[in-house]
1. Ordered by packing density, taken as the mean number of other Cβ atoms within 10 Å over each peptide's residues, highest first, how do 148-156, 191-199 rank?
2. Would you compute the Debye intensity of segment 63-149 from its alpha-carbon atoms alone, equal scatterers and no solvent, and pass along log10 I(q)/I(0) at q = 0.10, 0.22, 0.24 Å⁻¹ to two decimals?
3. Lys135: which aspartates and glutamates have alpha carbons under 14 Å from its alpha carbon, excluding same-chain residues fewer than 8 sequence positions away?
4. What list of ³J(HN,Hα) values in whole Hz, one per residue of segment 168-184 in order, does the Karplus curve 6.51 cos²θ - 1.76 cosθ + 1.60 (θ = phi - 60°) give from phi, with Gly and Pro shown as x?
5. What number comes out for the charge environment of Arg159, summing +1 per Lys or Arg and -1 per Asp or Glu over other residues with Cβ under 11 Å away?
6. Taking 0.36 nm per residue of separation and subtracting the Cα-Cα distance, what length does fully extending Ala120 through Val63 add?
Amino acid sequence: MQPPPGWQAPPGMAAKGHAPAYPYPYPFPMPEVRPHGMALAGLGKRLTARLVDIVAVLLLNAVVNGYFVYLYLQDFIPIFRNIMEQAANGTTVPVARQGTPRMQMLSIAIMIIATLLWLAYEAPAIGNSGQTLGKRLMGIKVVPVEKTGQLGFGRAFTRWAWLGMWTLFWSCGVGLIVQLLYALSPVFDPRLRQAWYDKSAATVVVDVPAGGVPPTIEPGGSR
């Protein structure tokens with residue numbers, strides 16, 4: 001088998017009698033990975049689908065969490081005005097020292113409800129069909145690595161938890177940073193484009209074939 005066109009052996013290798021070495025383990029580039037015969041979803045599609053899902057979850061929060069946010073703002077706005085007046089006079093007091101006990105309870109409740117809404121929106125949909133609203137609109141879906149059937153709620157919950165549970169830590173600033181890293185993690189896996197939460201649940205995100213019916217390819221190549 002001949003080396004790829006234009007490839008040259010490192011200087012001195014031929015003189016030393018070494019067999020030609022290739023810049024990768026095989027004489028030609030590795031073929032594209034196609035889990036169960038389906039193409040991997042592009043990173044642009046995955047990002048767009050995630051943004052659609054974020055908007056959907058925000059709308060759910062506006063309905064369910066809206067009243068609690070309203071109560072929180074009732075306490076927060078007078079405090080904020082007081083801070084602005086103090087700043088104009090050259091003296092300020094941190095918001096944390098002026099916050100009411102109700103604000104602290106409401107902030108915890110809002111975060112817990114927001115997390116549960118995200119869980120209820122994503123995990124059952126991924127476990128059943130592999131698609132949330134965003135993924136359905138973008139024509140992509142989550143599938144298990146080893147089969148083409150349903151993922152199931154347990155693995156869908158595991159996949160969601162590695163990303164969604166960090167919402168509970170938004171108040172300390174850590175949660176949002178970790179979620180951003182998780183969202184960018186498919187970039188670090190050019191082979192399967194698995195996010196870290198995909199690796200935790202052994203899933204991949206693929207393009208849905210035309211007609212929405214995936215090919216029937218069982219493990220081991222049997223049909």
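Where a number appears in this text, it was derived from the coordinates with a stated rule and is not lab data. Fair warning: this is a prediction, and the values are worked out from it, not measured in the lab. Don't worry about glycine lacking a Cβ; one is built from the backbone with ideal geometry, like all the others, and counts go over all protein chains shown.
1. Listed from highest to lowest mean packing, they are 191-199, 148-156.
2. Results for segment 63-149 at q = 0.10, 0.22, 0.24 Å⁻¹ read -0.49, -1.02, -1.11.
3. Within reach: Asp53, Glu122, Asp207.
4. Values per residue, Gly and Pro as x: 5, 10, 4, 4, 9, x, 7, x, 5, 5, 5, 5, 5, 5, 4, 5, 8 Hz.
5. Net of charged neighbours comes to 0.
6. Here the answer is 19.1 nm.
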